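> Dumping the structure here so I can ask a few things about it.
The values are calculated or read from the model by the stated rules, or taken from the named source; none is laboratory data. Small disclaimer: the values here were computed from a predicted structure and weren't measured. Positions of Cβ are backbone-derived with ideal geometry, glycine not excepted, and every protein chain shown enters the neighbour counts.
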Amino acid sequence: MTPDALLDFFRSRRTVRSFEARPVPRELLLRLVDAATRAPSPTNRQPWRFSLVTSQKTRAQIAEVTLEAIAAIRALIARSGHTDHLADYWDYFVKPLQSAPALVVTQYRTTHDTIGNLIESAGADRQAYCTSGQWQVELSAASAATMLLLLQAHAEGLGACWMSGPLLARAKIAQLLRVQPPWQILGALAVGWPAEQPPATTRKPPDKVVEWFEGTP
């Protein structure tokens, strides 16, 4: 694949929120995870795991606890007297969960802040130094893995939606999926055969997101 072709492939990926009812084969879901595990990680710790949820019952339970969390928050907003500015957005938090035939729930695991511990053992304040406890490198690695999974799904002809909305019910979802510390849920990906082809969204051009620091060597 040429560099231009690869860039065009990246540009063609869309977030899909509506899916056909037909299932995604187990072998295909494992291919997505295989792609995800090619992501870089700090000292090759590979701090990720994936729950592959194809059970209709479990998917319904995840959607249900997410809806419960949304309802509780909306009730609080109403009680406060403030306008629910997210009224038209709440569906984005749960709709793909209800229609996707498969969910991929990414998890990551943090490790001990060794440098911070050594600083503390010397009688100093670890908060005065930017050590690995603040770097969130495992979160970054799991995010990179998730992006590779999304790209592989696109290459396979699948649609996917990376969802942070289910994190409103993270504790209950963790219980449903038997996720225990030190593992934490990063988010949920709704995966399936797309029932729509969403239009391209506007993207900021490179000159709007880049600040150059140039000069002679």
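> Looking at (1) surrounded by 10 or more Cβ atoms within 10 Å (Cβ to Cβ); (2) farther than 17 Å from SER164 by Cα, can you tell me which one VAL16 breaks?
(2)
> Assess whether ALA128 counts as being loosely packed, with under 12 Cβ neighbours inside 10 Å and in contact (Cβ under 8 Å) with a residue 60 or more places away in the chain.
Spelling it out, it is not the case that ALA128 is loosely packed, with under 12 Cβ neighbours inside 10 Å and in contact (Cβ under 8 Å) with a residue 60 or more places away in the chain.
> Is it the case that some residue within segment 37-53 is closer than 26 Å to ARG203 by Cα and either exposed (fewer than 12 other Cβ atoms within 10 Å of the Cβ) or not hydroxyl-bearing (Ser, Thr, Tyr) (or both)?
The answer is yes, given that some residue of segment 37-53 is closer than 26 Å to ARG203 by Cα and either exposed (fewer than 12 other Cβ atoms within 10 Å of the Cβ) or not hydroxyl-bearing (Ser, Thr, Tyr) (or both).
> Residues that are of a type in the set (Lys, Arg), under 19 Å from the mean Cα position of the chain (by Cα) and within 18 Å of GLY187 (Cβ to Cβ): list the helices (runs of 4 or more DSSP H) wholly contained in segment 1-93 that include at least 1 such residues.
It comes to 56-80.
> Among the numbered criteria (1) touching a residue at least 24 places away in the same chain (Cβ under 8 Å); (2) more than 28 Å from THR111 (Cα to Cα), which single criterion is violated by THR202?
The failed condition is (1).
> Let me ask you something else. Which of the residues spanning segment 165-175 are in contact (Cβ under 8 Å) with a residue 40 or more places away in the chain and either of a type in the set (Lys, Arg) or surrounded by fewer than 19 Cβ atoms within 10 Å (Cβ to Cβ) (or both)?
Listed by number, the list holds a single entry, LYS172.
> Oh, and also: I'd like the full set of residues that are surrounded by fewer than 17 Cβ atoms within 10 Å (Cβ to Cβ) and over 15 Å from VAL33 (Cα atoms), limited to segment 138-164.
Listed by number, the residues that qualify are LEU139, SER140, GLY157, SER164.
> Is segment 162-171 home to any residue that is in contact with a Lys or Arg (Cβ under 8 Å, 6 or more places away or on another chain) and either of a type in the set (Lys, Arg) or closer than 16 Å to PRO40 by Cα (or both)?
No, segment 162-171 contains no residue that is in contact with a Lys or Arg (Cβ under 8 Å, 6 or more places away or on another chain) and either of a type in the set (Lys, Arg) or closer than 16 Å to PRO40 by Cα (or both).
> Within segment 43-78, work out how many residues are touching an Asp or Glu at 6+ places or on another chain (Cβ under 8 Å) and among the aliphatic types (A, V, I, L, M).
2
> For the subset of segment 166-217 comprising residues that are among the polar types (S, T, N, Q) and not in a helix (DSSP H, G or I), which member is nearest to TRP90 (Cα to Cα)?
Only one residue fits best here, namely THR201.
> Since GLY157 meets every condition but one in (1) on the phi < 0 side of the Ramachandran plot; (2) in contact (Cβ under 8 Å) with a residue 12 or more places away in the chain, which condition does it not meet?
(1)
> Could you list, in sequence order, the residues of segment 122-148 that are among the aliphatic types (A, V, I, L, M), at pLDDT below 80 and either touching a helix residue (DSSP H, G or I) at 6+ places or on another chain (Cβ under 9 Å) or closer than 30 Å to LEU52 by Cα (or both)?
Within segment 122-148, just ALA128 meets the criteria.
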